[in-house]
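What follows is a set of notes on a single structure, which appears directly below.
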Amino acid sequence: MPSSTATTSHLLRRRSRRSPASTGTPPAMKRCCRRPGSGTGRSRKHCRPKPMPDSSPTSSISRCRRPIDATAAAGDRNGNNSCSTCITARTCRPSATAAGPGDASGTVFCRAAKCTDAAHGVLMHTTRRHCPIYVITLDHAKERQQTISARLRELGLAFEFISGVDGRGLKLENHPDYEPIKRRLFYGRDLSQGEFGCILAHRNVYRHMQEQQVEMAVVLEDDSILTEELPDVIEALERIADNWDLVRFLGRDKNYRSTRPIRPLEGTSAMLARQLGIPGGAYGYMLNLKAAKRLNRMTQKNWLAIDTLHGAVWLTGLRTLAVAPSPVLPNDESPSCIDTQDDNLRWDKTVRLEGGMRLIYPVTRGLWKFYLACCTGWIRLKSLLCDRGDVKRVGTHGS
């Protein structure tokens, strides 16, 4: 039997081998190297200390609600040189530029996070899906281009300028895309040069969408006023894209009075609605590829103003809706490009006909008004059951 001295020495040696001090392993790591309920240690590769949470300023402020200065400063402190405010830097891809008429900066926008590049460091909104925005403008309208460019950047929306058509250089009587007889019989006068140039400018957008196979887009005129809710409305409309072909943004009080609400737009304070009658205004709308193809075909021969064509749903056959209140408003403080081109001629309702056409005009005008009343009344009744059914489905789903 071994002596007590030898036994004591053996126990001390075993304890020293188990002691953390003898191995240089920190006590916390020594404990993590044991599985609960067992006496065996884990492999060394599982014993790495967990990383500490990021305590930098970027993680302490919500990315969507972060003040602009704090966002830019945090991005600089983190050394992110590519896209300082993107949620994930790897998802930032240049999707479009603001390069176009009147803009030489060519600012690159982020498709994933809807932010500008590191030179600006601003994140205002995030969207899951990219919807192109086309701004119609004349090449010489520099001030308008700068104003709407700045506003779209504030909202975090990528956009592209589409060149408009200056109607002052057009001769309507000889233009192959104009139908003067229909226009004169039903309206007593020709389209103004500004109105006709506006039609051709919007047709440029439709052709672009058809050539590039753009599934969905927002169209704005360069003098429109954009509200803070525009990005949320676009995203909400994208989620229900199967329910519409054309959504008009009509922001005057008379438009709201002639609107039938259908259902709330999720994530916004606005309602999806049906516009009753033929309201005027083409300063903002959203359309899909089907609508672009249809409108492109229907603007090959023109006698209706573009906003009248948008409202004549029995002619277009498109599922045309509206948003109330509108995220895009008309700018009544400054004259539109149409008015500057034709000296407000489009508001002059004077009959400018001669000879036999002037004699028959009261009859043709009366027939046209009767036709419009019948068509709008039919659309009002036809859509009523559909809209009520949609309201009931939304109410049942919400309850």
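No lab work stands behind these numbers, since they all come straight from the coordinates. No experiment lies behind these values; they were computed from the predicted model shown. With ideal geometry, Cβ positions are generated from the backbone for all residues, glycine too; neighbour counts draw on all protein chains shown.
Net length available on complete extension from LYS182 to ALA373 is 66.9 nm, with 0.36 nm assigned per residue and the Cα-Cα distance removed. The order of ILE240, ILE199, going from fewest to most other C-beta atoms within 10 Å of their C-beta, is ILE240, ILE199. Using θ = phi - 60° in the Karplus curve 6.51 cos²θ - 1.76 cosθ + 1.60, the 3J(HN,Hα) couplings for the range 206-219 round to 4, 5, 4, 5, 5, 5, 8, 6, 7, 6, 7, 7, 10, 10 Hz; x is entered for Gly and Pro.
Fewest neighbouring Cβ atoms within 10 Å first, the residues SER258, SER334 line up as SER334, SER258.
Panel order for VAL363, VAL323, by other beta carbons found within 10 Å of each beta carbon, from fewest to most: VAL363, VAL323.
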